[in-house]
Amino acid sequence: MANNQTPQGTSAAPAVEALGPTFSARSDYGLLHGRVRKQFFSNVISPQTRVFISVSEGSGDNKFVGDAPFSVENVAPSNGVVEFRLFIDWPTDLGTVVDFLFVNPS
């Protein structure tokens, strides 16, 4: 894409915002498989919070890359909670660990 073109799907150049505090967390969601909807609660989350999520196989602080594909499909923050959907493409339950990065605009 040339420097003077707008990215496809947008009508204007994206706004750049100063970012404020960042927070991280890790949560063990236990044994899961298939498509699942989960929540994470925290008072640092608002509808304006940028939430980045990674999901891996494992338990506790032991995360690893196994044969099963893990993916994050949707993320929606609101007041005090972020709802998200995961897909664990495996026929049986696997240990599931999720890492979160929360960034709040200034």
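Applying 1/(1 + (r/R0)^6) with r as the Cβ-Cβ distance of R85 and A15 and R0 = 35 angstrom yields a FRET efficiency of 0.85. A 1.4 Å probe over all protein chains sorts R35, R85 by accessible area into R35, R85, starting with the largest. Around E73, with a cut-off of 9 angstrom between Cβ atoms, what is the net charge of the other residues, counting Lys and Arg +1 and Asp and Glu -1? Net charge around E73: +2.
How much net charge surrounds K38 when only other residues with a Cβ under 9 Å from its Cβ are counted (Lys, Arg +1; Asp, Glu -1)? Result for the neighbourhood of K38: +1.
Pairs of alpha-carbon atoms within less than 8 angstrom and 6+ residues apart define the contacts here; what relative contact order does the range 14-106 have, in percent? Over the range 14-106, the number comes to 48 percent. Our Cα-only numbers for the chain put the radius of gyration and Dmax at 16.5, 49 Å.
The values are calculated or read from the model by the stated rules, or taken from the named source; none is laboratory data. Treat the numbers as computed from the prediction; the structure is a model and nothing was measured. All Cβ positions, glycine included, derive from the backbone under ideal geometry; neighbour counts span all protein chains shown. To get the accessible areas, we keep the full protein, side chains included, count just its heavy atoms, and leave off ligands, DNA and RNA. Shrake-Rupley method; radii C 1.70, N 1.55, O 1.52, S 1.80 Å.
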